[in-house]
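Worksheet: one structure, shown below.
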Amino acid sequence: MQNAVEGACAEAGSRDLVVSGDGSWQKRGFSNHNGVAAVISSSDVPKVLDIERLSKRCTVCDGAKSIQQSDP
């Protein structure tokens with residue numbers, strides 16, 4: 001992400017960037033667990049600055065809980 005921001009700043013000739021962000025969940029409502037988000041620069045040559053995959057669940061935590069429940 002740092003390299004993309006520095007490249008966008010160099011192209012714009014300024015450290016003041018205009019960006020656009022958007023995100024989406026896999027399905028509507030509070031029962032979904034997965035989503036994505038992106039931030040894009042709004043310069044003459046737009047660049048993707050960051051992309052994130054979001055999750056309400058942690059597989060490491062779920063694994064630790066299952067071990068704890070099976071071996072008290």
Response to the item:
When the range 23-59 is checked residue by residue, the ones that are aliphatic (A, V, I, L, M), part of a loop (DSSP other than H, G, I, E, B) and surrounded by 12 or more Cβ atoms within 10 Å (Cβ to Cβ) are none
Item to complete: Taking the residues in the range 1-22 that are in contact with a strand residue (DSSP E or B) (Cβ under 8 Å, 6 or more places away or on another chain) and surrounded by fewer than 13 Cβ atoms within 10 Å (Cβ to Cβ) as candidates, determine which candidate is farthest from residue 58 (Cα to Cα).
Response: 18
Worksheet item: Within the range 25-37, can one find any residue that is modelled with pLDDT under 80 and either more than 20 Å from the chain's Cα centre (by Cα) or of a type in the set (A, V, I, L, M, F, W, C) (or both)?
Response: yes
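The values are calculated or read from the model by the stated rules, or taken from the named source; none is laboratory data. No experiment lies behind these values; they were computed from the predicted model shown. All Cβ positions, even for glycine, are placed from backbone atoms using ideal geometry, and neighbour counts span all protein chains on display.
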